[in-house]
Structure formats: structure tokens, C-alpha cells
Amino acid sequence: MTDTPLVRLERHSDVGVIIVNNPPVNALSPGVPEGIIACLNEGLADPAIKSMVLIGDGRSFIAGADIRNFGKPRPPVPPGSRSHDLLDLSTKPIVAAIHGYALGGGLENAMACNYRIAKRSAKVGLPEVLIGILPGGGGTQRLPRLIGPKAALDLIVSGRHVPAAEALTLGIIDAIVEDDQDLKQAAIAYARKVADTRPLPQVSSRTDKLEAAKSDPGMFDAKRREIARRARNQKAPYNCILAVEASTQLPFAEGLQRERDLFNELENTTEARALRYAFFGEREANKVPGLDASVPVREIASAAVVGAGTMGGGIAMSFADFGIPVRILEATQEALDRGMQRIRDNYATSVKRGSLAQDEMERRLARITPVMSYDQLADADAVVEAIFEQMEPKKAVFAKLDAVMKPGALMLSNTSALNIDEIASATNRPQDVAGAHFFSPANVMKLLEVVKGAKTSPDTMASTMAMGRKIGKISVGCGNCDGFLANRSRAPFNSEMVIMLEEGALPEQIDKVMVDFGYPMGPFAVGDLAGLDIGAEGRKRRAAADPNYRKLPIADRLVEMGRFGQKTGAGWYRYEKGDRTPHPDPVVAQLIADMGRELGVAQHSFTEEEILRRLLFSSVNEACKILEEGIAYRSSDIDIMWLHGFGFPRYRGGLMFWADQIGPKAVYDQISVWHQRYGNRWAPSPYLRRLAESGTSFRDAKPGRAG
Ligand code: T1G
């Protein structure tokens, strides 16, 4: 435990520097706001101090309130006595000096200062909406006064981080300090320069920027309409709008109270608890059991990809996007050229959309080198095999890689389900082999499923997890089985959605339930997008491996009819030429009716709840088996995979968090009923039964037989 205080006052002649020291991100944990106030008062009381600076030690300014304390009882803080309240009333100029991040309460404290300067590499923002709350420290009242209500609405409702240059343009900060300059010295000089400025600029007393609301009173309703689709089922985004609206209608003090009231409506909502859970779950996933800080991590400074198809190209882009040179190999020049063209087209689309600058596109393309011989991959620190999903060709690739790759290279397969141990057996270095399952499109989706084989070494696992983080992914580790964690937990959902058609449900009916629940797209529309022929391959493999595998004749019939989805103009839905909009197709409805009769399945109508629970409970049951087998290290890892791999709505926390709101016992009881009605595929997992009997939540469940 360091003996450096959480907050200290350093005297630099006539400037008092208030320094926050609460690693790793200077969160406003208990003691930090109190320390800021104490140092502020000490500086105000010292006649030798003419002006002050507020700055952070370590890698950042202040990253906000301590999120770990939300949802827990906290001593009430009387209005007017928080650090930003008192900074606002300072009788001496205070300069906030920002590096790294000033987020949430951090930016709110900075806006209560008289001036703000920031390193060019710094970022500021009010991201509270991303954890289901709103800026509760004056941010909804000060930011509109600083940059105008419209710009404030954008930042507060999106929660996005703003680079210093944009913050300067908007008016959030007053000056930029170049990254090669000393921030503290620059801030001291700035504080000295403004020491005699009177009246002190005070954000809370400004009204000039609020005038804009008078000429555009409709901006708030327009914002509500703008976010309606993506903010459906949520409360925080709408309370953010109400709070900013209040800043244009109420005096500052009353606006603060309105902000407080709107904040208090949110802190303990399921939405806020789910989003906090997701935030910490993403970080918990970094911790793979048995891999502590002592496990060496190999640096990945260069990479290679075998296969230049959709996945291989996306994986190569993932490395290039983060500055890592990558070689991409194909068997024929024609395939290689096609792959490189697809990469160029992907980048060109981003440039056209304005999300990537042309010169940055060129820089990234220059990092990707097409090759045709394995020898040219030899010196890469990591190689990812990304050819088609068949075991023998994959083993042949690994045998060739084994013959050329330098010692210690990470030997990774992008397989989404195949046995990592069998792939590793094609090499003499199984300890260097692991699964690195990217999700399509690989350069966009943030999830990386890192699969540990029986012989995968701890440092290979740690290095692959770290490699994922280095290329902007959320790495989630798991054990080896058919489908690993993500696709295995998803498989029952994929079956149940088609089985319900046999009972009389329609694709559009099921898709609507899932979109209303919060998915961006319904599962049948997603199937049409991904290609129904791919799913058919997986079903064939599972049917060959498992005599009890439940076939899906309706899905198989569709593929037999050549209806693969968008790529053939028809799948579960029909598509107009050049249009991706799914249209319900009477041909499919007729096929479903005919096959329901042919199969002799009792037809019935469905409630929305039954559709939702048939799909998700089937996966919860499989997730319990995955936990019991120790394939998943914790239930939050399953949730992070569902959030980032399958589009599960983030404000519901993930599959297991959502199921916890219903409770393991209720889930078990319902599954037991379906087990009686539908047979073995609904046999409840013993692990689930133990949770139901012991009253243990999914969140607290431990992997392995104990449960
Ligand atoms: N509270 C508690 N712990 C936090 C934290 C926070 N605000 N921010 C980060 N951590 C922990 C994190 O869990 C991890 O822990 C470690 O710090 C490093 O974080 C009143 C109500 C700042 C951009 O929402 O966005 O202010 O895993 O791995 O990738 O209006 O952390 O090492 O044990 O993410 O460099 C608003 C949340 C709060 C910012 C740095 N602020 N944090 O990213 O490191 S609400 C936020 C982040 C509020 C006021 C309201 C990121 C980061 P561990 P990391 P990073």
C-alpha cells in the first residue's frame, strides 16, 4: 500500500497544485473528493497561493466516480458540499490539467474549475449513460453552459469520448498542451498567467450558450425521436435528455436538484445493474484461472494469416488496424488477389462512410503483405489459420506451419468449433497451439474466443489473450469442446428457433420477439445474412457425430431448395434485387405448414414470452453444462460472449444475467415442464438443478461439479 496520500497539495511558489493519486485511473473513490476539498481549502487559506491547478498522478486525470460503489448504500452527501460544488465557488483561479482521461465525475470536476487545459492525446467525456445512469455531478448542467445544449446532448446521450482537439473546438477545454511538453509545468504557467483575472470565469453562471435552446426548442424531442430505436427498452438515455432540457429551463441550483432526482431514478434499475455488470465482466474476462502476472507474455510485433477468405481478410485487417504488419497467404494467385481486393473494398467502404481517412487506409493496406509460400510466414510472432471448417485441411496447414514457423510463434486456429487438440496433434509443438476464434466480420466484431487445448501452455494462453487485447478485441478464454463456449451455448437456440416453426410459429413472428427484446436483428434474418448453407454443414457434422442429434428438416429442406439467404435472394425471407430488407415469403409459410403436417407435430399458437424463453432457456441449460465441465471459467464470460458475439442487448447484461432476473429455480422448473413435453433435448442440466436447489445465482455459480 503506497504511503502517498490519495490527494496532496504541492506548493510551487504562488501556485498550489492539487494532485490526485488513486491508481489505476484516479477514480473518485471514498477519500478522493474529500481530499480534493481539503487541498482546495488549504490553498484558499494560504495567502501565498494566488492560483491553483487540479491534476492527476499516473496515467490519467480522473476517470469518474468509483463504479464499484454504485448500487451499494452510501452516506448521503448534502447538496452543495461535493468537490465540484466547492471548486465552483473558489475565490482563486483553478486550472484543471488533463492527461489520459477526464471522464464522468472527472470532467465534472474539471468543468467546475475556472479553466481546463489538456494534453493533445487526452480524451474527455460524460460516459455515464453507458452504465445506465447520467452525469450526476453537475455535468448535465455545466456542459450545456460550456458548449451549448445541442452539443451537450450529443455527448451526454452517446457517452462518447472526445479527443482534446475536438474538445477545444467545442469549448470544453481552453488550451492544448503538446504531448512532448510537461503538463504540470504548463498548467502552473497557465495558473500564474490568470492569477489576477477577475471576475473568475465560472461555468455555472454562464447563460450565453443556453440561448440556443430558445431558437431551437424542438431539439429535445428531435433527440428523443433520433434515439428511439437504439434506446428502446432503456431509461437512462431519456433521463439524460430530460436533465439537459432542465439546464435550459431552470436556474443552475434547481437544475442540479433536477439532475439529482433523475440520477436517483436510474442508479438501481436493472438496466444500470446490467451495464455495470457488463463493464466489469469485460475486464474480469481477462483473468484466466491459473494465469497470473508471473506468466510471461510473448510480444506480438508481426503476424501472419493462412487463408484470404472473408475471415482471413478480416483477421489480417484486425492486425493492420492496430499497427501490426501481417502477411496473408493463399494457395493460388487468383484467391490471393480476390482476398486482397476484398480487403481494399472493405477499407474503401469505411473511407466512403467517413470513418477512415484515405491516408490511414493506405497505411493499413501497406501493412498487409500477400504471399504464396509458407516460408514467407516463418518469422511472424503469431500465425492464425483461417481456412474452411474441415479438420483434415486444417491439420495439413498446421503440419506445414510446424515445419517453417520460428520457435515460440503462436500457432492459432480461427476454427469456430473443431477440436483444438486434434489440430495441435498435427504439430510437434502442441504447447504453442490455441484457438483464436474471431467473429465475422473479424475486423469489426470485438470478441475473440481464446480456446485452451489440453497441451496449450500457460504462456501461449496468456500471450493469445494479450494479443487479442492489443488488436482491440475483448479476449475471453475457454476450454476445448465441440463449439467451444460461444457456439456450443448458442446451438440449442439455433435448433429451438426452427423446431418452433414445426409447431406453427413463423420466422417473422420469432424475429419480432427478439428485436423487441433488444437484438439488432432477428435470428432468422441473421441466418439469411450469414448464409443458411453454412449452418447446414454444421448440422451434417453434428448428425454424423451424434446419433441422437435432433435434425431440423425445415431448415434442411430450405437449403435443398437452394435458398441460402441474402446471397441467393431468398432464404427464410425473400429479398428484392439489391435490397437487404427481409420480406416474409408465402413460399416459406407454405413449406412450414406442409412440413408441420408431414412431421405430424401438434400445431399451436405462441405467446411472446414462450418464444423468448424457449430460445434463451435452451441456451441457459447448455451454458450450465459448459460451466459444469469447466469449459467456461465463470458465467460472466458466457455473458460477455453473448453481448459481443451474438448481439444480446447490453442493457440486459447477457444471457446469464438476464436469467438471474428470473432465477435458476424458475428456469429449472420451466425446463422440467418442457422436458416432459418435448423429451430429452430439454433434460435439465444437473448443474442447473443444483443451483435451483441451493438458491445459488448464476452470477455466483462456480465452474465444475460443485456449481
Ligand atoms: N470506477 C472503478 N473502477 C474503474 C473505473 C471506475 N470509474 N474505471 C476503470 N476502473 C478499473 C477497471 O475496472 C480496471 O480494473 C482498471 O480500472 C483499469 O481499467 C458522478 C456518476 C478510464 C477509459 O464510466 O472507461 O462518474 O480490471 O482496464 O482500458 O457523474 O476504464 O484492472 O481490476 O478499463 O485503460 C464514469 C469507466 C463513472 C469510466 C481506461 N466514468 N472507465 O480504460 O483501463 S460514473 C466511466 C473506463 C460517474 C458522475 C458519474 C476505462 C478507461 P481491473 P481499464 P483502460
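FYI, it's all coordinate maths here, none of it is from the lab. As the structure is a computational prediction, the values presented were derived from the model and not from experiment. Note that we place each Cβ from the backbone using ideal geometry, even for glycine, and neighbour counts take in every protein chain shown.
When both the stretch 227-244 and the stretch 608-626 are represented by their alpha-carbon centers, they are found 29 Å apart. Stokes-Einstein diffusion for the stretch 273-330 at 20 °C, viscosity 1.002 mPa s, with a Kirkwood radius from C-alpha pairs, works out to 152 µm²/s. Go ahead and estimate [θ] at 222 nm for the chain from helices alone: -39,500 (n - 2.57) per DSSP H run with n ≥ 4, summed, over the residue count, rounded to 500. It comes out at -14000 deg cm²/dmol, rounded to the nearest 500.
Dividing the Cα radius of gyration of the stretch 453-590 by its Kirkwood radius returns 1.05 for Rg/Rh.
Can you give me the pair-distance distribution of the stretch 7-268, C-alpha pairs, 10 Å bins, whole percents? Calculated P(r), rounded to whole percents: 7, 33, 37, 18, 4, 0.
The slack in the chain from residue 3 to residue 365, taken as 0.36 nm per residue of separation less the alpha-carbon distance, amounts to 125.4 nm. Couplings 3J(HN,Hα) of the stretch 373-389, computed from phi: 10, 4, 4, 6, 9, 3, 8, 6, 6, 8, 10, 10, 7, 9, 9, 5, 7 Hz, in residue order, whole Hz [Karplus 6.51 cos²θ - 1.76 cosθ + 1.60, θ = phi - 60°; x for Gly and Pro].
Backbone geometry of the stretch 354-369 corresponds, through the Karplus equation with coefficients 6.51, -1.76 and 1.60 at θ = phi - 60°, to 3J(HN,Hα) couplings of x, 8, 8, 7, 4, 5, 5, 4, 5, 4, 5, 4, 5, 7, 9, 10 Hz, x marking Gly and Pro. Of all alpha-carbon pairs in the stretch 229-369, indicate the percentage at a distance above 25 angstrom. The proportion of pairs with Cα distances above 25 Å equals 60 percent.
Which order results if 385, 245 are arranged by neighbouring Cβ count within 10 Å, fewest first?
The most exposed by this proxy come first: 245, 385.
In whole Å, what is the distance between the alpha-carbon centres of the stretch 530-562 and the stretch 378-400? After rounding, the separation between the Cα centres reads 26 Å. Near the amide H of residue 380, within less than 5 Å, lie the amide hydrogens of 406, all on another chain or at least 5 residues away, with H placed in the peptide plane.
For the stretch 7-268, give me the percentage of DSSP beta bridges that are antiparallel, rounded to the nearest 5 percent.
Of all bridge pairs located within the stretch 7-268, approximately 30 percent are antiparallel.
Normalised by 2.2 N^0.38 Å, with N the number of residues, the alpha-carbon radius of gyration of the stretch 329-372 equals 1.24. For the stretch 123-240, what percent of Cα pairs sit more than 17 Å apart? So the pairs more than 17 Å apart make up 64 percent of the total in the stretch 123-240.
Place the peptides 513-523, 46-56 in order of packing, highest mean first, counting for every residue the other Cβ atoms within 10 Å and averaging per peptide.
Working: 513-523: 18.6, 46-56: 21.3.
Put in order of decreasing packing, that is 46-56, 513-523.
Per residue, the Cα convex hull of the stretch 91-137 amounts to 57 Å³. Here is the size of the stretch 303-481 from its Cα atoms: Rg then Dmax, 15.2, 47 Å. Computing Rg and the Kirkwood Rh from the Cα coordinates of the chain gives a ratio, Rg/Rh, of 1.00. Mind giving me the FRET efficiency for residue 257 and residue 399? R0 is 60 Å, r the Cβ-Cβ distance, nearest 0.05 is fine. The calculated FRET efficiency here is 0.30.
The base-10 log of I(q)/I(0) for the stretch 576-707, evaluated at q = 0.10, 0.11, 0.12 Å⁻¹, reads -0.42, -0.50, -0.58 [Debye formula, identical scatterers on Cα atoms, solvent excluded]. Shape annotation for the stretch 202-243: C-alpha extents along the principal axes are 37, 22, 11 Å, from largest to smallest.
Among 583, 99, the order by Cβ neighbours within 10 angstrom, fewest to most, reads 583, 99.
DSSP beta bridges confined to the chain are antiparallel in about 25 percent of cases. Measuring how big the stretch 193-274 is from its alpha-carbon positions, Rg and Dmax come out at 16.3, 51 Å.
Remark: relative contact order (the chain) = 9 percent; criterion is Cα-Cα distance under 8 angstrom and separation of 6 or more residues. Amide hydrogen proximity for residue 62: with H placed 1.01 Å from N in the peptide plane, the residues at 5 or more positions away or on another chain lying under 5 Å are 103. In order along the stretch 654-667, phi translates into HN-Hα couplings of x, 4, 6, 5, 4, 5, 5, 5, 8, x, x, 5, 5, 5 Hz, rounded to whole numbers, per the Karplus curve 6.51 cos²θ - 1.76 cosθ + 1.60 with θ = phi - 60° and x for Gly and Pro.
The value of relative contact order for the stretch 123-266, using C-alpha pairs under 8 Å at least six residues apart, is 37 percent. What the pair-distance distribution of the stretch 12-58 shows, using all Cα-Cα distances binned every 5 Å from zero, is 5, 23, 28, 21, 14, 8, 1 percent.
Cα centroid separation, the stretch 274-346 to the stretch 629-707: 30 Å. Beyond 22 Å, the tail of the calculated P(r) for the stretch 39-120 holds 30 percent of the Cα pairs. Among beta bridges from DSSP that stay inside the stretch 303-481, the antiparallel ones total about 15%. Taking amide hydrogens as placed 1.01 Å from N in the peptide plane, the amide H of residue 94 sits under 5 Å from those of 52, 114, 115, each at least 5 positions away in sequence or on another chain.
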